[in-house]
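Visitor: Dumping the structure here so I can ask a few things about it.
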Amino acid sequence: MTDNPFPQDIVELVQSHIREVNDFPAPGVLFQDVTPLIADPVAFKALIDILADRYRGKVDAVAGLESRGFILGAPLAVALGVGMLTVRKAGRLPGPVVGIDYDLEYGSARMELQPFTVNDGDRVLVIDDVLATGGTANAAFELIEAAGGHADTLCVLMEIGALGGRERLAGRTVDAVLTY
């Protein structure tokens, strides 16, 4: 793991607004619920402000990954004064789209992007709530690059370090507010 790039007071504020739910969505899973964070206007604004400070002037667009990445990405894009790209599950965007199939722990999935939303050479920040194995983030990077953008940074609210996502994204910058 790398040093956390975010101020400790913000890390603590975010952590204090994450609710742990045992055995959800299945027995043995400890779910980190971000609902209290996004429901608290002071804490959520503080998070978006610190993210905006970190990426201001460094990106031309923010790509939110379906679906909680949209919750973080949209207000961040507004704060940065840049566009918001949506990377969605298959079949949820009207065409034309570019898509990529990728492997999950137990199966496969497909992510899609409307290529006309990406300008050639755009510096795109990818954002999501959780980094686990890195499959979804890696697919998003590939989609953005196939559409002509340049994406090399992922920002996540939470990283589950033991699942190796950061290693799968070797060569890319990964910024995590919280690491478990």
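The values are calculated or read from the model by the stated rules, or taken from the named source; none is laboratory data. Values in this document were obtained by computation on a predicted structure and should not be read as measured data. Glycine gets a Cβ as well: all are built from the backbone with ideal geometry, and neighbour counts include every protein chain shown.
Let's see how each residue does on (1) under 22 Å from residue 51 (Cα atoms); (2) in contact with a Leu (Cβ under 6 Å, 6 or more places away or on another chain):
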{"position": "106", "(1), (2)": "no, no"}
{"position": "123", "(1), (2)": "yes, no"}
{"position": "127", "(1), (2)": "yes, yes"}
{"position": "145", "(1), (2)": "no, no"}
{"position": "154", "(1), (2)": "yes, no"}
{"position": "168", "(1), (2)": "no, no"}
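Visitor: Another question, if that's okay. Among the strands (runs of 3 or more DSSP E) contained in the range 96-179, which hold 3 or more residues that are at pLDDT below 95?
Guide: 98-104, 107-113
Visitor: On to the next question. Considering the range 153-168 alone, what residues qualify as being among the β-branched types (Val, Ile, Thr), surrounded by fewer than 22 Cβ atoms within 10 Å (Cβ to Cβ) and closer than 19 Å to residue 18 by Cα?
Guide: The answer is 160, and nothing else.
Visitor: Right, something else. Assess whether residue 82 counts as being buried (at least 17 other Cβ atoms within 10 Å of the Cβ) and in contact with a Lys or Arg (Cβ under 9 Å, 6 or more places away or on another chain).
Guide: No.
Visitor: Additional query: List the residue pairs whose Cβ atoms are under 7 Å apart, where the first residue sits in the range 10-23 and is free of Cβ contacts under 8 Å to residues at least 60 places away in the same chain, the second is in a loop (DSSP other than H, G, I, E, B) and surrounded by 12 or more Cβ atoms within 10 Å (Cβ to Cβ), and the two are 6 or more positions apart or on different chains.
Guide: Taking only residues 6 or more apart or on different chains, the pairs are 17/40.
Visitor: Would you pick out the residues in the range 48-67 that are within 20 Å of residue 15 (Cα to Cα) and either modelled with pLDDT under 95 or in contact with a Phe, Trp or Tyr (Cβ under 9 Å, 6 or more places away or on another chain) (or both)?
Guide: Matches in the range 48-67: 50, 51, 54.
Visitor: Which residues, taken from the range 139-152, are surrounded by 20 or more Cβ atoms within 10 Å (Cβ to Cβ) and out of contact with any Ser or Thr (no Cβ under 9 Å at 6 or more places or on another chain)?
Guide: Residues satisfying the conditions are 139, 140, 141, 143, 144, 149, 151.
Visitor: For the range 1-59, please list each of the helices (runs of 4 or more DSSP H) lying entirely inside it that holds at least 3 residues being more than 17 Å from the chain's Cα centre (by Cα).
Guide: Where helices (runs of 4 or more DSSP H) fall fully within the range 1-59 and carry at least 3 residues being more than 17 Å from the chain's Cα centre (by Cα), they are 8-16, 41-55.
Visitor: Considering the range 115-138 alone, what residues qualify as being within 10 Å of the chain's Cα centre (by Cα) and either of a type outside the set (Val, Ile, Thr) or surrounded by fewer than 18 Cβ atoms within 10 Å (Cβ to Cβ) (or both)?
Guide: Those that are within 10 Å of the chain's Cα centre (by Cα) and either of a type outside the set (Val, Ile, Thr) or surrounded by fewer than 18 Cβ atoms within 10 Å (Cβ to Cβ) (or both): 125, 128, 129, 131, 137.
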